[in-house]
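Below is one structure, written out as structure tokens, with a few remarks after it.
The values are calculated or read from the model by the stated rules, or taken from the named source; none is laboratory data. Source: prediction; values computed, not measured. Note that we place each Cβ from the backbone using ideal geometry, even for glycine, and neighbour counts take in every protein chain shown. Quick note on the areas: whole protein, heavy atoms, side chains included, nothing else; ligands and nucleic acids left out. Shrake-Rupley method; radii C 1.70, N 1.55, O 1.52, S 1.80 Å.
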Amino acid sequence: MRIFLTGATGFIGSYLVPELLKAGHQVVGLSRSEASAEKLARAGAEAFAGDVNDLDRLRAGATMSDAVIHAAFNHDFARVRQHSEEDRRVVEALGEALGGSDRPLIVTSGTGLVERRPGADCVTETDARASLETAPRAATEEAADAAFAKGARVIVMRLPQVHDTRHQGRIAHHIRLAREKGYVAYIGDGVNRLPAVHALDAVRLFRLALEHGRAGGRYHAVAEEGVPMRDIAEVIGAGLNIPVESITPEAAPGYFGVLARLARLDLAASSALTRQELGWAPTRPDLLTDLRRMEWALK
Ligand SMILES: NC(=O)c1ccc[n+]([C@@H]2O[C@H](COP(=O)([O-])OP(=O)(O)OC[C@H]3O[C@@H](n4cnc5c(N)ncnc54)[C@H](OP(=O)(O)O)[C@@H]3O)[C@@H](O)[C@H]2O)c1
């Protein structure tokens, strides 16, 4: 398949490109700079110049492809609402371009953007997206649902914390704060959990979903249902050689700032249905192993 990939030069995109090429697909990556275009060429992909918010350009890229994987996002958390609404328009445009065809559109979302059922231990693939009030980024899945209802072959890929030994997304902020404050904090007893997956396992699931996924399917790329925040804090403390302390929920905003709400949440997520349907079985190192192997001096 000829696959149009947005976010091709990002953390996940950089793993996706070789995964797709290795499986015999052609990759056309959206690139908004000369440097990104060069990076794609080195990886063996074709570059398609454009900004993700240039919707005409985006439709053009989608129209000339057999499938689209949308993994671009602007992660400036101070403007998450604005960027989420931009992402809504991106998904709408891609849905329009592919609507009425059999060509799949994979939209990337997050397991943290899902509403947990009352009394449930974790979120599952059948749980609905969160409300826009609690999670503005739920706009992405809202747009995916609307595009599916209009006839596009949409598949939603929900990611937990994706990691390798260099990147751990949100945990990078915990590490930065720990350096600034001189200690690593977790809230209360620290049993609230973060689900995780190694980047290589995550991109294998993208490929399986692309090749075998069901229209309207929602898949969870979850290798570990939930790693306790206290365990993560302890590995950070050991890596930086600084103390690890429990703080109260009231003290959390003082330490975590804008991340305080997130730092308290138990975000455990299951992938039982995904594994069953797509035969996916993660094999790569777990989150704490990757964190221990990290080059702490560089962080
Ligand atoms: N990483 C995780 O743990 C995680 C967890 C849950 C969900 N997700 C979701 O997974 C997706 C991929 O995440 P990631 O970690 O790979 O993100 P990332 O490393 O921040 O990469 C973002 C990508 O989006 C591109 N991009 C941003 N704004 C753009 C614009 N205006 N025009 C064109 N391209 C633009 C970037 O291009 P440049 O290279 O040019 O900057 C980059 O390729 C996102 O939707 C993210 O929210 C990730």
Taking the Cα centre of the stretch 70-114 as the origin, how large is its charge dipole in debye, to the nearest 20, when only Lys and Arg (+1) and Asp and Glu (-1) carry charge on their Cβ atoms?
-> 100 debye
DSSP bridge pairs, the stretch 1-129: antiparallel proportion in percent, nearest 5 = 5 percent
How many angstrom separate the Cα center of the stretch 253-299 from the Cα center of the stretch 46-97?
-> 26 Å
Rounded to a whole %, the carbon-and-sulfur portion of the accessible area of the stretch 147-299 at a 1.4 Å probe is 52 percent
Accessible area per residue of the stretch 164-261 at 1.4 Å probe, in Å²?
-> 40 Å²
How high is the FRET efficiency between residue 64 and residue 200 when r is their beta carbon distance and R₀ equals 22 Å, given to the nearest 0.05?
-> 0.15
In a shell of Cβ-Cβ distance under 11 Å around residue 218, excluding residue 218 itself, what net charge do Lys and Arg (+1) and Asp and Glu (-1) give?
-> -2
For the stretch 1-138, accessible area per residue (1.4 Å probe, heavy atoms of protein chains only), Å² = 46 Å²
Rounded percent of accessible protein surface that carbon and sulfur make up, the stretch 10-77, 1.4 Å probe | 52 percent
What is the distance, in nm, between label points placed 7 Å from the Cα along the Cα-to-Cβ direction at residue 128 and at residue 189?
-> 3.2 nm
Taking the dipole about the Cα centre of the chain, with the C-beta of Lys and Arg at +1 and of Asp and Glu at -1, give me whichever of 8, 272, 114 is farthest to the positive side.
-> 8
Estimated [θ] at 222 nm from DSSP helical runs (n ≥ 4, -39500 (n - 2.57)) normalised by residues in the chain, nearest 500 = -12000 deg cm²/dmol
What is the Cα coordinate range of the stretch 1-117 on the first, second and third principal axes, sorted by size from largest, in whole angstrom?
-> 40, 33, 30
Principal semi-axes in Å for the stretch 64-216 [√(5λ), Cα gyration tensor, largest first] | 30, 17, 16
Only Lys, Arg, Asp and Glu count, each charged at its Cβ (+1, +1, -1, -1), so figure out the dipole size of the chain about its Cα centre, rounded to 20 debye.
-> 300 debye
